[in-house]
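*Asks:* Below is the structure I would like to discuss, written out as structure tokens.
The values are calculated or read from the model by the stated rules, or taken from the named source; none is laboratory data. Given the structure is predicted, the values throughout are model-derived calculations rather than measurements. Please note: Cβ atoms are built from the backbone with ideal geometry, for glycine as well, and neighbour counts cover all protein chains shown. Accessible surface areas use protein heavy atoms only, side chains included; no ligands, DNA or RNA. Shrake-Rupley method; radii C 1.70, N 1.55, O 1.52, S 1.80 Å.
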Number of protein chains: 4
Amino acid sequence: MSGSSFGNIFKITTFGESHGKAVGVIIDGVTPGIEIDESDIQRQLDRRKPGQSSITTQRKESDKIHILSGVFEGKTTGTAMGLVLYNEDQISSDYNSIKDLFRPGHADFTYLQKYGIRDHRGSGRASGRETSARVAAGAVAMKILKSRGISITAYTVKAAGISCNKRDFTVIEKNNMRACDSNAAKEMEQRVISLADEGDSVGGIVECTVTGVKPGLGEPVFDKIDAELAKAMISLGAVKAIEFGSGFACADMKGSEHNDSMDKNGFKSNNAGGIIGGISNGEDIIFRIAVKPTSSISKEQKTVNIAGKEQLIKTEGRHDPCICPRIVPVVEAMTALVLIDMYKREAALLS
Amino acid sequence: MSGSSFGNIFKITTFGESHGKAVGVIIDGVTPGIEIDESDIQRQLDRRKPGQSSITTQRKESDKIHILSGVFEGKTTGTAMGLVLYNEDQISSDYNSIKDLFRPGHADFTYLQKYGIRDHRGSGRASGRETSARVAAGAVAMKILKSRGISITAYTVKAAGISCNKRDFTVIEKNNMRACDSNAAKEMEQRVISLADEGDSVGGIVECTVTGVKPGLGEPVFDKIDAELAKAMISLGAVKAIEFGSGFACADMKGSEHNDSMDKNGFKSNNAGGIIGGISNGEDIIFRIAVKPTSSISKEQKTVNIAGKEQLIKTEGRHDPCICPRIVPVVEAMTALVLIDMYKREAALLS
Amino acid sequence: MSGSSFGNIFKITTFGESHGKAVGVIIDGVTPGIEIDESDIQRQLDRRKPGQSSITTQRKESDKIHILSGVFEGKTTGTAMGLVLYNEDQISSDYNSIKDLFRPGHADFTYLQKYGIRDHRGSGRASGRETSARVAAGAVAMKILKSRGISITAYTVKAAGISCNKRDFTVIEKNNMRACDSNAAKEMEQRVISLADEGDSVGGIVECTVTGVKPGLGEPVFDKIDAELAKAMISLGAVKAIEFGSGFACADMKGSEHNDSMDKNGFKSNNAGGIIGGISNGEDIIFRIAVKPTSSISKEQKTVNIAGKEQLIKTEGRHDPCICPRIVPVVEAMTALVLIDMYKREAALLS
Amino acid sequence: MSGSSFGNIFKITTFGESHGKAVGVIIDGVTPGIEIDESDIQRQLDRRKPGQSSITTQRKESDKIHILSGVFEGKTTGTAMGLVLYNEDQISSDYNSIKDLFRPGHADFTYLQKYGIRDHRGSGRASGRETSARVAAGAVAMKILKSRGISITAYTVKAAGISCNKRDFTVIEKNNMRACDSNAAKEMEQRVISLADEGDSVGGIVECTVTGVKPGLGEPVFDKIDAELAKAMISLGAVKAIEFGSGFACADMKGSEHNDSMDKNGFKSNNAGGIIGGISNGEDIIFRIAVKPTSSISKEQKTVNIAGKEQLIKTEGRHDPCICPRIVPVVEAMTALVLIDMYKREAALLS
């Protein structure tokens, strides 16, 4: 209701600000008897954490996961899992200089308008740090989905104006951009570094492919699987757009081109992106999201303070000049959370 | 949970198939004491109903609204409103020939996979007819929002490959495409008719502008106002993509370009589309959706029947060759439902 | 959120006032492929409807059910079922004389305080008529539960000060009190009629026994099966109390007496009422509810009008002098709704 | 959905087992700008914690609260509050001897049936320790309610067969039974100690009085204020029954006796317990719950092990011989959680 919960049956509720004591998540609805330990979760968190490469922020967050409940002798008990990550690098004084300023592109202004009070350290609740709780919960979901043969892979397809020319999944974790084309990745990285040197940042596009989803998953009307995925993705602060299958290109297509016809071997195209009427058709689920350029830049920008007085601002410290590589595991986590919930909703309906 | 409800406080739950007895909606959480009568709702339904012009389907649905509860002596009582539209033009035998065929682009295959049973008449629950319940509920929401100074306007900005060159809101209801540019509208209509004559259909892009939303509306983390709007829009069967503000264009932008900086007069640009960190910033909320070409076309297409045997199919009858003009009131209704819920969520949080 | 929905997966949402056009319910989450027709539902409604015997109100409500959606060729489709009962005997003018009076024991005062507006005809949304929607939905739940071997039986165990001395389920539907003891039933009926002749009413106790629930059903912590049943029962306007198993008697017992110990044949007593830690233990689920005397009596009572002026009031017309017999099917319906939801929640958790 | 959440707008989600690492709660929907610190919460936890007196268990749980998020510079920020209590006295080996036994009166059997796996240390998720998370969340709710003039007082009215003869609220916190009658309290305590010496336990009745609730609070139909309170109370593992106002006594009353009539000074009696039609009438809200005798007793009892073999069991260690005094703050906390949610729901509806 107040924005901290996601999912219906496999339901997560998160808390935590970037510079408070901790971020954490409660997962309710976890299948009992699943083998899981902290390393399953840590692996995903490590993909999201800062300081991984030259093009991610050098902030130090060890992002160490602690399972506080719901697991007994290495297996889930079916009761609520409490997970927590303590914040370590929380030197709030860093933010004193911008305490009363609205950083351009950040939620400083909107949070103060909404709540009448604002934790100005980092971005408080609006910080990307919040997504580590999503990644932790998603790791649990993925463990269950994997046993059902489902594979979720997200990757950068465009950044800093450079597009991937192929979809080579084997290289994604081998380049700093998490791009699906090594050559493009190199170019992207160079341009990103060059923009970072200018004190600027840049956007990109991340695509996600899900294989192994059986046909018939998803709910009708309001809770279509693509509708839930859209909500999941747009709920990431940096994401401005999402498209499924043909996406915006469908606007220029004719029905006779766009309709995915079937023959005895199945669908002959995938303009639907694997979802028709909100329900999976057995093809790969494919969607793309637009990632805006990081709001925190060290270039000088114009803004106002809380009294409305115009001022100049420079966001000090190192920030990710392009969020794409670090948003990839978050996209996968959110996709996993949508899918596990859909599987459980289906079991409920059919029983 | 099973897809028929939307909203948290101003919550709607719908029912109904295209060729069953009726479609309807229960609205719970309606502010008491609001003056409303059936004409307020009928006006919006008339904008969605078929048969409005040469480029909408000629099916006859009078779409007459009946308020069954929740209104007493012309005012809402604060208890659940039950609204129903009886189906009239339900000649099921029209569909006998395609009873066992999967129509390309339709949810026939996926519904059968999910439920193991399928109402083949029209598209059953997956029919666009379902959206009339949304429009009815949205009309109630709009009535309340209007008194808060909020105005929601959707319009076609592209169709059949032709784009609007201006945003002239005064012409929207005066052309058959509900486009915001009279000249473009004429061209669009010609091409749409020409494609219809070929037995084909075509897609487009609809934009929505919301004015009058005060800054500070929306929830953090998962229930960001744009996340809820994205879910609302992608939950429309024909919508394949959504973008807010700069949208996909942000992928190629630098932070210094994309950040909407402020001066003493407010924001100097609106790449954010009126929403930062999921919360309104007081600027116009702007988003665009991609509308796929109508799946029902009279051109012959390849498909299979439920036994997997290949067959040819022609969808008889008149269908909308371009859904844009009729989806416009649905987009407005869904936007209204998201916003009214957000206003009520805010009142709840702050109290 | 605003009180018109019940259940999580098998979820019902109701609407309707006693003297409006109709009452109805949408059921979302119905298992697809279940054979059902209107007679399955009508049978239960007929047990609740007025005018069944000399001790129920003589109002004429045919309570005829109409299935508007979700059923195709005699089977549920898995999509939302819309059910409606049109109101027939709605002569509002009967209520003109009490339009501005607060009837003692009725929700007239509290509704006006809450909403600032009130449908004074009958009791509006607060009328017992609302429960017919519950009974309709419960009938669908029962159909599914029956196939799982679950049997739900409610019956009057006390009324007008007379208690049943045995639990003879075969006589319940054969006496006007729906009591489980024929002799007691006769005595009860006489006293009830005699009280009715005096223009008065009287309360009673209804018990419910559920057999066939497998051990392990129910959720931990907040959504214990007894917690959900308690909510379900106390949500009936006339119910002032509920107790499970030993109930209030447990207050005077020692642990060594109260603990239900097990031997190799299972539990040796059932003080738990079939539920421990909120989860079924395989024994019969047993609970009792206290039903207050009907508020509507023809005896003259003191009250005030909406201006605060003292007045005398006589509730004209025939009313149930004891609600027990008519609340029995409602208790069964609500029990069925709780149980079906729990079965579906279990399937979701374990999947 | 899986039982760990309570409330709609002021919504809590808890986690934690008695012998895991911690118990905790996330509160979403907290009004921003409320002054709160850990001492506000600690005060209530100290009333629930073990070891307070000779008649509570001597287990050592310091129950120290940690606020991990949602509070900034002494005020709530309106974002999710994360609260945690680390478990200290978790010597799991104490439980090795009963690892495979079903303790009579405990949820050992039902949890194993449900989940197929069980944390046997203490009672895992089914432990009373779980209620400390409720008390912590309730303390936050109380802080807000107090500023609205609402006062919630629970107290023992019967224990070990001894009833209070008066309602003296000034003595409640001054006797070990938290009873509302000093003399009765002394007698209760003696009998409880004497039963404890025999290795036995005993039940009781706790009453709760809420003053200061304005008329018009609560929702219609399913979410009546008494229905939500009933769910809240019966969700406590030791509670077997609840009654409002006249409660079970209403079964023997006539309508003319039971109806609370009004004169110009308001209601002349309170059989309704402050709630009519699920909505507060401005009178004190009064309910009573039956508390079963503690299941853990040191007397030898018959049971079976998980293989179905009969065995004798003695629950070692000190346990509360009567839960009444320690359940009092839990009852108050749950009442506060229901009421704060209702106030927020009202604000949402009326806005």
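*Asks:* Order B:R47, C:R318, most accessible first, counting only protein heavy atoms with a 1.4 angstrom probe.
*Replies:* Correct descending sequence by accessible area is C:R318, B:R47.
*Asks:* Placing a label point 7 Å from Cα toward Cβ, how far apart in nm is A:N265 from its equivalents in the other copies, listed shortest first to one decimal?
*Replies:* 6.2, 6.7, 9.0
*Asks:* Could you give, in nm with one decimal, how far B:D46 is from each other copy of that position, shortest first, with labels 7 Å out from Cα toward Cβ?
*Replies:* When each copy's label point is compared with this one, the spacings are 4.5, 6.6, 6.9 nm.
*Asks:* Now, a different point. Taking accessible area as the heavy-atom solvent-accessible surface of the protein chains with a 1.4 Å probe, which residues of region B:249-286 lose no less than 50 Å² upon going from the isolated chain to the full protein assembly?
*Replies:* Checking the loss per residue gives B:C250, B:A251, B:D252, B:K254, B:S256, B:N259, B:M262, B:I276, B:I279.
*Asks:* Could you tell me how far the Cα centroid of region D:137-166 sits from the Cα centroid of region C:196-273, in Å?
*Replies:* With region C:196-273 and region D:137-166 each reduced to a Cα centre, they are spaced 24 Å.
*Asks:* How far is it, in nm, from the label point at C:E300 to the one at B:K268 when both lie 7 Å from their Cα along the line to the Cβ?
*Replies:* My value for the distance between the label points is 8.1 nm.
*Asks:* Something else: Computed over the Cα atoms of the protein assembly as shown, what is the ratio Rg over Rh, Rh following Kirkwood?
*Replies:* 0.96
*Asks:* Would you work out if chain C is rounded, prolate or oblate? Take a ≥ b ≥ c from the square roots of the eigenvalues of the alpha-carbon gyration tensor; rounded if a/c is under 1.5, else prolate when a/b is larger than b/c, oblate otherwise.
*Replies:* oblate
*Asks:* With the full set of protein chains in place, find how many percent of the accessible area of region D:5-350 is carbon and sulfur; take the probe as 1.4 Å.
*Replies:* 46
*Asks:* Next question. Ignore the peptide's own chain and count Cβ atoms of other chains within 10 Å of each Cβ in B:17-24; give me the average, rounded.
*Replies:* Mean partner-chain Cβ count within 10 Å for B:17-24: 5.
*Asks:* Something else about it: Taking each residue of A:125-137 in turn, how many C-beta atoms of other protein chains fall within 10 Å of its C-beta, and what is the average?
*Replies:* Per residue, the number of nearby Cβ atoms from other chains is 2 on average.
*Asks:* Treating the beta-carbon of each Lys and Arg as +1 and of each Asp and Glu as -1, no other charges, what is the dipole magnitude of the protein assembly as shown about its Cα centre, to the nearest 20 debye?
*Replies:* Dipole magnitude for the protein assembly as shown comes out near 0 debye.
*Asks:* A follow-up question, please. Quick check: with the 1.4 Å probe, what order do C:S256, C:S246 take by accessible area, largest first?
*Replies:* Output order, biggest surface exposure first: C:S256, C:S246.
*Asks:* Enumerate the amide H contacts of D:V71 below 5 Å, restricted to partners 5 or more residues apart or on another chain; note that Pro and chain-start residues carry no placed amide H.
*Replies:* Long-range HN contacts for D:V71: D:T77.
*Asks:* Further question: Mind pulling the angle between the C-alpha long axis of helix D:182-197 and the longest principal axis of chain D? Nearest 10 degrees, somewhere in 0 to 90.
*Replies:* 20
*Asks:* Could I ask something else about it? Of B:A154, B:A80, B:T13, which is farthest along the charge dipole of chain B in the positive direction, counting Lys and Arg as +1 and Asp and Glu as -1 at C-beta?
*Replies:* Ranked along the dipole, the leading option is B:T13.
*Asks:* Then there is this: Among A:N305, A:G218, A:G245, pick out the residue whose Cα is farthest towards the positive end of the charge dipole of region A:213-345, where Lys and Arg carry +1 and Asp and Glu carry -1 on C-beta, about the Cα centre.
*Replies:* Sorting the options by dipole projection puts first A:N305.
*Asks:* Using alpha carbons only, how many degrees (0 to 90, rounded to 10) separate the axis of helix C:324-350 from the longest principal axis of chain C?
*Replies:* 40
*Asks:* For region A:171-217, what class follows from the C-alpha gyration tensor (a ≥ b ≥ c being the square roots of its eigenvalues): rounded when a/c is under 1.5, otherwise prolate if a/b is larger than b/c, else oblate?
*Replies:* Taking the square roots of the gyration eigenvalues as a ≥ b ≥ c, region A:171-217 is prolate.
*Asks:* Once you place label points 7 Å from the Cα toward the Cβ at D:L312 and A:E173, how far apart are they in nm?
*Replies:* Taking the two extended label points, one gets 5.8 nm.
*Asks:* Report the charge-dipole magnitude of region D:84-204 in Debye, nearest 20, computed about the Cα centre from +1 at each Lys and Arg Cβ and -1 at each Asp and Glu Cβ.
*Replies:* Value, rounded to 20: 700 debye.
*Asks:* Now for a separate question. Hey, which of these cross-link pairs are over 27 Å Cα-Cα: A:K254/B:K186; A:K292/B:K240; C:K240/C:K268; B:K49/B:K114; D:K143/D:K231; C:K231/D:K344?
*Replies:* Flagged as over cut-off: C:K240/C:K268; B:K49/B:K114.
*Asks:* Provide the per residue accessible area, probe 1.4 Å, for region D:5-350, rounded to a whole number of square angstrom.
*Replies:* I get 31 Å² per residue for this part.
*Asks:* Here's another thing I want to ask about it. What figure, in Å² to the nearest 10, do you get for the accessible area of B:V23 with a 1.4 Å probe and non-protein molecules left out?
*Replies:* Accessible surface of B:V23 is approximately 0 Å².
*Asks:* OK, next. Just to be sure I understand: if you take the accessible area of chain C alone plus chain B alone and subtract the pair, with a 1.4 Å probe, what total do you get in Å², rounded to 100?
*Replies:* The summed interface area works out to 3400 Å².
*Asks:* For a Förster distance of 41 Å, can you work out the FRET efficiency between the beta-carbons of A:S54 and A:T211, rounded to the nearest 0.05?
*Replies:* 0.80
*Asks:* Further question on the same structure: So who's got an amide H within less than 5 Å of the one on C:I205, skipping anything under 5 residues away but keeping other chains? H placed 1.01 Å off N, in plane.
*Replies:* Placed amide hydrogens put C:V157, C:K158, C:A159, C:V291 under 5 Å from C:I205.
*Asks:* How much accessible surface area, in Å² rounded to 10, belongs to the heavy atoms of D:C250 with a 1.4 Å probe?
*Replies:* 0
*Asks:* For a protection proxy built on the mean count of beta-carbon atoms within 10 angstrom, sort C:337-348, C:156-167 highest first, please.
*Replies:* Listed from highest to lowest mean packing, they are C:337-348, C:156-167.
*Asks:* May I pose another question? List the residues, sorted by chain then number, that are 5 or more residues from A:I279 or on another chain and whose placed amide H is less than 5 Å from its amide H.
*Replies:* A:I225
*Asks:* Let me ask something else about it. Given the protein chains as shown and a 1.4 Å probe, how many square angstrom of B:R129 are accessible, to the nearest 10?
*Replies:* 10
*Asks:* Here is a follow-up. Using a Förster distance of 60 Å, how high is the FRET efficiency between A:D197 and D:E73, based on the Cβ-Cβ distance and rounded to 0.05?
*Replies:* Once the sixth-power term is evaluated, E becomes 0.95.
*Asks:* Another one. Once R0 is set to 41 Å, what does the formula 1/(1 + (r/R0)^6) return for the Cβ-Cβ distance between A:Q190 and A:E257, expressed as a FRET efficiency to the nearest 0.05?
*Replies:* 0.60
*Asks:* Hey, another quick one. Output wanted: per-residue J couplings in Hz (rounded whole) for region A:70-80, from phi through Karplus 6.51 cos²θ - 1.76 cosθ + 1.60, θ = phi - 60°, x for Gly and Pro.
*Replies:* For region A:70-80, the Karplus-derived couplings read x, 10, 9, 6, x, 10, 5, 9, x, 9, 4 Hz, x marking Gly and Pro.
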